[in-house]
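**Q** I'd like to ask you about the structure that follows.
The values are calculated or read from the model by the stated rules, or taken from the named source; none is laboratory data. All values derive from a computational prediction rather than experimental measurement. Cβ sites come from the backbone with ideal geometry, for glycine too, and all protein chains shown count toward neighbours. Just the protein is used for accessible areas: all its heavy atoms, side chains included, with ligands, DNA and RNA removed. Shrake-Rupley method; radii C 1.70, N 1.55, O 1.52, S 1.80 Å.
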Amino acid sequence: MAALKFNDAVPTPSERSTTLLADRPRHVPGADLETVAWIAAVAIIYYAAGKLGLYFASFTSSSTSVWPPTGIAFAAMLLLGYQIWPGIFLGAFLVNLAISGAVFASLGIATGNTLEAFVAVYLTMRYANGRKLFEHSQDFFRFAALGMLAAAISATVGVASLAFGGLAHWNEFVRIWATWWLGDVGGFLLFAPLPILWIENPRLTGDHGRLLESSLVLAVITLFGVVVFAGTVPGIAKYPIGFFCFPMLVWCAFRFGQREVATAIFVLTVSAEWGMMRGHGPWARFASQISSFIMPQAFMITMAVMTMALAAVVWERKRAEEDANEARNQAVAANRAKDQFLAMLGHELRNPIAALSSAVRVLEHSDVLSQQYSTLLEIMVRQSGHLSRMVDDLLDVQRLTASRITLNRRPMNLAECARDCVTALRLREGYADHNIVLRIEDTWIDGDPDRIAQILTNLLSNACKYTRPQGKIVLSIRPEDDRAVICVEDDGDGIPADLLPRIFELFVQGDRLSDRHPGGLGLGLTLVRRLSELHGGTIDAHSDGPGRGSKFTLRIPRIEARVVAQSTTRATPGRSRRGRRILIVEDNTDAREALRQALEMSGHEIFEADSGASGVESALANHPDTALIDIGLPGFDGYEVARRIRSSSENRGIMLIALTGYGSPEDRRRAQQAGFDTHLVKPLNFDQLDDLLTTPGGPVLEKSAAS
């Protein structure tokens, strides 16, 4: 007969199933004692329910309009797997054998009931959303139709077995078949939902008011069932008051959901069946005893289909509203985070710009002392570097989000990288006063040294920003199994519990302290996580709360220690200090003028152009030995400038340097294809440019200065 199906009856469709053995693989059991126990339990329950159902038998002792075992078989097979079929077969065989005593007919009926469960479970899983069939009305309607189809299998095989066994007349085949079929359909729709929904979602609401309301409604429905169907009030049976149960079921559908509706239907069904057994209820007035059995069953099936579908529609809409509210809240939170980030960005950009503006204002006066001049230059260099780092962080986040960063991996020692990072960090303003303790062991990984240094620097600078100078920061590195473990721990401000799960998200940052070292956009930890993932690693954060410090632990795949051959010391190739003939192709007048003066101070002869066409023209006319070319130019871009200069036989030996704000791997690839020798990213690193201009042999385009 049919089987009871486990489905998510919870209002939230994402909730996991809590059914028994839900995670067990569905395989044919061997000598599995647990499986044997479940088979025996299903057989016993099936047998007991079958004895109760056959109390309403009509035409023959084996056909009834009330057959709860259908739901039991369906649920058991869906919950425990197809391997539970022997319990269904055994229970069906024994209950029919006890009633009729006919072995052949009992075997045929048991076969039909087992096959019915197989087909119902298979079709439900394939076409009715499996265990989630009660979540959507269309899935429930499919389940109802599939249950009717599967019930036809049991009815056909069962009635044929009775007829062939001489227990029923062939001229009664249709009437017996219809009664049998109706009983099995009732098993699917009246008895299956209750255990499915309660096992899938056994938790009661924590709202005491709602719990009280549901209890009162259930009590009223029970009382209604006893009064109307069980015949406790004499004379009421002549009135069609059974329809008054529909408003209560609708109330359950709107207020509570599918699980409570299934419970109410079950209570009313039991009351109706009890009334039938005693000859009471609204349908007891029918002259035919068979009609008195069939009509209440058909009535309850109709009520079940209508109210269960209604509950699915109502709660599907409620879930949609909850999802919309959640999406709205997320959008509001994201918008708030964006606003906070933009405010922070404005603050962080204004600080160095204000310092640069003030320094320039002082330099405009001719009476600046030499000591002041030196100090002002330090301020300008420091603040321009700060601006450059912020821009680099923004670009790195964008590249990581778009998966446009590639790693230049090689075997590297984390201990050496950590020492270099700490040394460099202590040279920065505001970081030298922090006590950074190193507890590091030689640990090797296959990584990108630049990106690993960026990870360590971001973690350490984050610790410094949220730890007062008198605090303590510990950087530890150690091997652990097949992983290299990097841990940065501090005794600073800590992380609030509500912020901890989101600490690595974009634009998320802890509250600033008035005495904390300023700077940063809250992007560092996002970069750390994504760069760690690129290296196949994981990172997690821990904090006991505000004021109790924080701990960041990074785990990256480890490799065995490598012996790196030390290059023999050799004399640095002689640098040519002779002035070069340099062409600057740049459409920004201020940038071009500043670069021209800087290069002329180094003794170079400079030619200028402000567009792609004038750049090519100047190169062909003046024959410079070096050209610094911006990519974004009016007319045609810097790539085309490089291609046209390279196509000239008179300028094939020229060194072409791309000077641009575009620094992605794709930009470097395009620069190389266009004929550039190297690729520098703005703001220009003059030390690197000086190396390129003074080193014999010229540069090789491998990576951007910003990578």
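**Q** Provide the per residue accessible area, probe 1.4 Å, for the stretch 30-139, rounded to a whole number of square angstrom. Present the calculation step by step, with values, prior to reporting the outcome.
**A** On the way: 4050 Å² over 110 residues.
Here the per-residue accessible area is 37 Å².
**Q** Report the extension gain between Tyr55 and Thr538 in nm, rounded to one decimal, defined as 0.36 nm multiplied by the number of residues separating them, less their alpha carbon distance.
**A** 167.5 nm
**Q** For the residue pair Arg255 and Tyr122, what label-to-label distance in nm results when each label sits 7 Å from Cα along the Cα-to-beta-carbon direction?
**A** Taking the two extended label points, one gets 4.4 nm.
**Q** What percent do you get for the relative contact order of the stretch 135-220 when only Cα pairs under 8 Å and 6+ apart count? Don't jump to the answer; show the numbers that get you there.
**A** Numbers: 27 pairs, mean separation 23.0, N = 86.
Rounded, it is 27 percent for the stretch 135-220.
**Q** Here is a follow-up. Roughly speaking, what is the centre-to-centre gap between the stretch 84-159 and the stretch 407-452 when only Cα atoms are used, to the nearest Å?
**A** Each part reduced to its Cα centre gives a spacing of 67 Å.
**Q** Mind jotting down a quarter of the surface of the convex hull over the alpha carbons of the stretch 64-119, in square nanometres, one decimal? Don't jump to the answer; show the numbers that get you there.
**A** Working: hull surface 14.4 nm².
Quarter of the Cα hull surface area: 3.6 nm².
**Q** A follow-up question, please. Please give the net charge around Leu54, taking every other residue with its beta carbon less than 15 angstrom from that of Leu54, where Lys and Arg add +1 and Asp and Glu add -1. Let's see the in-between values first.
**A** Values: positive: Lys51; negative: Asp184, Glu273.
Residues close to Leu54 contribute a combined charge of -1.
**Q** If you don't mind, there's one more thing I want to ask. Suppose R0 equals 22 Å; then what is the FRET efficiency for Ala424 and Glu666 from their Cβ-Cβ distance, rounded to the nearest 0.05?
**A** 0.15
**Q** Express in Å², to the nearest 10, the accessible area of Tyr466 obtained by rolling a 1.4 Å probe over the protein heavy atoms while all chains stay in place.
**A** Rounded to the nearest 10, that gives 40 Å².
**Q** Right, something else. Rounded to the nearest Å, what's the spacing between the alpha carbon centres of the stretch 258-277 and the stretch 315-333? Just the number, please.
**A** 34 Å
**Q** Same structure again: How high is the FRET efficiency from Phe246 to Arg502, r the C-beta distance, R0 30 Å, rounded to 0.05?
**A** After rounding to 0.05, the efficiency reads 0.05.
**Q** Can you tell me the FRET efficiency between Ile559 and Gln330 if r is taken as the Cβ-Cβ distance and R0 is 35 Å, rounded to the nearest 0.05? Please list the in-between numbers first.
**A** On the way: r = 41 Å, r/R0 = 1.16.
The calculated FRET efficiency here is 0.30.
**Q** Still on this structure: With labels modelled as points extended 7 Å from the Cα through the Cβ direction, what inter-label distance (nm, one decimal) is found for Ala219 paired with Cys487?
**A** Modelled inter-label distance: 5.8 nm.
**Q** Work out how much length Thr156 to Glu480 would gain on full extension: take 0.36 nm times their residue separation and subtract the Cα-Cα distance, in nm to one decimal. Working shown, then result.
**A** On the way: separation 324, 0.36 × 324 = 116.64 nm, distance 6.64 nm.
Length gained, Thr156 through Glu480: 110.0 nm.
**Q** Give the long-range amide H neighbours of Lys472: residues separated by 5 or more places, or on another chain, with amide H under 5 Å away, using H modelled in the peptide plane at 1.01 Å from N.
**A** Amide H neighbours of Lys472, under 5 Å, 5+ apart: Asp491.
**Q** Sort Met306, Met248, Met412 by accessible area with a 1.4 Å probe, largest first.
**A** Highest to lowest solvent-accessible surface, that is Met306, Met248, Met412.
**Q** Could you run the Karplus curve 6.51 cos²θ - 1.76 cosθ + 1.60 with θ = phi - 60° over the stretch 263-269 and give me ³J(HN,Hα) per residue in whole Hz, x for Gly and Pro?
**A** Per residue, the Karplus-derived 3J(HN,Hα) values read 5, 5, 5, 4, 4, 5, 5 Hz.
**Q** If you stretched the chain out fully between Ala145 and Met601, how much longer would it get, using 0.36 nm times the residue separation minus the C-alpha to C-alpha distance?
**A** 155.3 nm
**Q** For the stretch 596-660, just say rounded, prolate or oblate: build the C-alpha gyration tensor, square-root its eigenvalues into a ≥ b ≥ c, call rounded for a/c under 1.5, and beyond that prolate if a/b exceeds b/c, oblate if not.
**A** oblate
**Q** Another question about this same structure. Measuring from label point to label point, each 7 Å out along Cα→Cβ, what is the Gln673 to Ala40 span in nm?
**A** 7.4 nm
**Q** Decide, for the stretch 438-491, between rounded, prolate and oblate: order the square roots of the alpha carbon gyration tensor eigenvalues as a ≥ b ≥ c, take rounded if a/c falls under 1.5, and otherwise choose prolate if a/b is larger than b/c, else oblate.
**A** oblate
**Q** Counting only protein heavy atoms, what percent of the accessible surface of the stretch 589-692 is carbon or sulfur at a 1.4 Å probe?
**A** Reported share for carbon and sulfur atoms: 46 percent.
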